[in-house]
Amino acid sequence: MPRGPREGVRPAFRQWRAGRPFWGGLLLALGGVEVLLTLKASLDVILHVGMQGLAGYLLPVVMLLCGVLILFNPAQRLFYSVIGVLVSLGTWLTSNLGGFFIGLLLGVVGSCLAFGWLPDQEPRVSRRRRRNEAQAAKAVPQPLEREAGRTA
């Protein structure tokens, strides 16, 4: 009995997410959004450090754009992640100390994750599965060495 059209949504999303540096792009985009939101904070919270003109808005938008491009164009992830880390570090001077360091750290960590992501990598086996496989291998009776020597 089929459950409905939503049966394949979660596996399809997992497959899509596995083919790209998902967490790196997401963190970089969230860092850009956070820096943009701190630019619109109330006047009591805003720190006026560095240039407050166009660069204050341009760098977080570039961070957000690089994060989205990493998600949807993973073939160019190296270029976008290098641009993302440079722009993230630049927000420290232009945008309220990089969104009070939160957006700066999200951008740098996301860019590093995207830079270090390797395509076509085999999925990591969980610790529980490795332990179960090791226990199953120990439970299989091994032939005695004497018997193995006779058959050879």
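Mind checking the full-extension length gain between Q121 and Q135? Use 0.36 nm per residue of separation minus the Cα-Cα distance, one decimal, nm. Mind showing how you got there, number by number?
Numbers: separation 14, 0.36 × 14 = 5.04 nm, distance 2.61 nm.
Once the chain is fully extended between Q121 and Q135, it gains 2.4 nm.
So if R0 is 25 Å, what FRET efficiency would K40 and R10 give, r being the distance between their Cβ atoms, rounded to the nearest 0.05? Walk me through the intermediate numbers first.
Numbers: r = 35 Å, r/R0 = 1.40.
The formula returns an efficiency of 0.10 here.
Any read-out appearing in this document is the output of simple, stated calculations on the displayed coordinates, not a laboratory observation. Source: prediction; values computed, not measured. Note that each Cβ is placed from the backbone with ideal geometry, even for glycine, and that neighbours are counted across all protein chains shown.
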